[in-house]
Every structure is written in C-alpha cells, then in structure tokens.
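The values are calculated or read from the model by the stated rules, or taken from the named source; none is laboratory data. Remember, predicted model here, so these are calculated numbers, not experimental data. As a convention, Cβ positions derive from the backbone with ideal geometry for all residues, glycine included, and neighbour counts pool all protein chains shown.
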Amino acid sequence: MKKTISILIPCYNEEENVVPMSEAIVNLFETELTNYNYELVFIDNDSRDRTRELLREICSKNSNIKAIFNAKNFGQFNSPYYGILQTTGDCTISMVCDFQDPIELIPQYIKEWENGYKIVIGIKTSSKENKIMYLLRSIYYRMIKKFSDVEQIEHFTGSGLYDKEFVNVLRDLKDPKPFLRGIVAELGFKRKEIPYVQPQRRAGKTHNNFYTLYDAAMLSITSYTKIGLRIATFAGCGCGALSMLLALIYLILKLVMWDSFQAGMAPILIGMFILGSIQLFFIGLIGEYVLSINERMMNRPLVVEEERLNFNDEEI
C-alpha cells in the first residue's frame, strides 16, 4: 500500500505563485515520486488578491489538492502550524509558496524519512536575497542560540518533513502561540538536516518587514530565553550600585571642597535621564514577556476557518 505524503503550503497574497507551485508539486509526484500518494494543502491567511480565486480553480481540477481559507490573518506562525495539524498523510512537508524553499528538497526529505528519520529539515547555508538581512539573521541566530535554555537551530525557517508521530505531538501541545522552529529543537525526534541555498522569490514581494521580523525575534526570545529578565536584574543592581557610588563621591567632594565645589544640577539631570531610559527599556522588554504569557493564558484558537475545499467530512 502506498504511503501518503502531505505537502502544506501557507500563502498570503501569492496570486503569482499558487498555480506554478501546485503544478510543480503535482508534476514531481507524477514523475519522480510515483510510489507515493499525495495531498497538497494550501492554507490561505486572508489574502487580498486573487489567491483564493485561483485556489478554487486548482481544487476543482484536482481532488488531491485541498485549501483552507482563514477568516482573517492569524499571523505568520499560527497559520502554518494550524495547517500542519490538518494534514492526514504519513508525513507532512511544509514549504513556502514563493519557491524560496526549493521543491527539489522534497525527494531528499522523503529519502531521509525512509531511512528512519522522523524529522528532516532544510538549513540555509546562504541566500540569494538581501545579504545584509542574511547577516543580521546570522547574528540573531547565534545570539538566541547562546542565550536559549534549549537547543536552537541556526537558519531553520520551518521548511521540513515531519512524521505523523511528531505531528501528533504538535496536536497534543495546544499552544496558542506556537513557535515551530523552537518546538522542533525542544521536543522533536532525532532529525536530519539538509543544507540548501535559498533562491530569490519566484514572483511577488516579500511579506517580511520590520514588524514581522521583530515579532519573530520576540516570540523566540520570550519563549526560549530568560536573558531579558536576567539582564534587567543585573542592570538594575549595577545601576543601583553605581548611583550609590556616585552619591558617596558627590558627598565627599561636597564635604572636602565645600566652598569651591559647584556641581550644580547637571549631574543630577544627566543621571535621571540615563536611569529613566534604562528603566523604560527594561519595562518594555518585561512587557514582551507579560504579553506572551497573557496570550497563552487567554488560550484563543490558533485559527478560525472561513471555508475549506476538498476535505472529507471526517477530516477535522
């Protein structure tokens, strides 16, 4: 009996890529991977272009292609994670819709899966995108890896193959703020890493901006490190000790040089501004941890669906 491979493709405003992506994957299974059945699942995160219209056409022509339409945009992490939970294959391969995860990786993922690995992931060795962004990402990965309480995987974007056993682990987590990259490192089975060079987007514009990158960084930091809280504690102790030392020096100078010492208000104002800025910075950082805790405590659903196509009634 043939095994079934599920391919998950999250998409948002990808009208130029959904049709070529579906054609490329279907062709791959009809030529190179004929020993496997497949299901191709698109999860659309409330696109504002013709993405949904095109997905309806694709699904109407091929019953192996399925689609989930989110009621709104639920973010760059919730939607793909939720999509993985909806797949039914013996394993699930997650890839982006813009071809920056090369489809040539799929046969390599499956080969290593057949060799016994429950998790097979792609690791970027370099990128044909912006070199500065790649450098900044490298610095970030090294920083988070150094300070994290658990192992972190450098240049892992989420693209990879996940055995059904691991998908069941994800289903049992019930985490309203899932960070798949960290979960794979923390809870995953023995894995195989496949290096690849990230190509440029096939078409369209990247949806990454400062806010999305900041959101990803903060979710990783607040989920897997204590460094922010520890730095706040150490900085508070250090500034307190420094303030006491300066106050003591100021008092001694005042007593010894009573008539000639005229420091004025400038040192006090400068010290207030420095201490105030430090306090504001760490209040904001602690606020990120509180926000993460609050979102998890509210336990809202990962995604609210508006519609799904080509799913059977028993597929929930």
Exercise for review: Could you please tell me which pairs satisfy a Cβ distance under 9 Å, a separation of 6+ or placement on different chains, a first residue in segment 290-310 that is more than 13 Å from K177 (Cα to Cα) and modelled with pLDDT of 75 or more, and a second residue that is exposed (fewer than 13 other Cβ atoms within 10 Å of the Cβ) and of a type in the set (S, T, Y)?
Suggested key: L309/S60; N310/S60; N310/S63
Exercise for review: Go through segment 96-109 residue by residue and tally those that are β-branched (V, I, T) and farther than 11 Å from I194 by Cβ.
Suggested key: 2
Practice item. Take A71 and decide whether it is in contact with a Cys (Cβ under 6 Å, 6 or more places away or on another chain) and under 30 Å from G182 (Cα atoms). Key: no
Exercise for review: Given the conditions (1) closer than 13 Å to E305 by Cβ; (2) touching a Ser or Thr at 6+ places or on another chain (Cβ under 8 Å), report the number of the one that A71 does not fulfil.
Suggested key: (2)
Exercise for review: Tell me which residues, restricted to segment 186-199, are at pLDDT below 80 and crowded, with 19+ Cβ neighbours inside 10 Å.
Suggested key: G188
Study note, to complete from the structure: Of the residues in segment 8-24, those that are surrounded by fewer than 18 Cβ atoms within 10 Å (Cβ to Cβ) and within 12 Å of F42 (Cα to Cα) come to V19
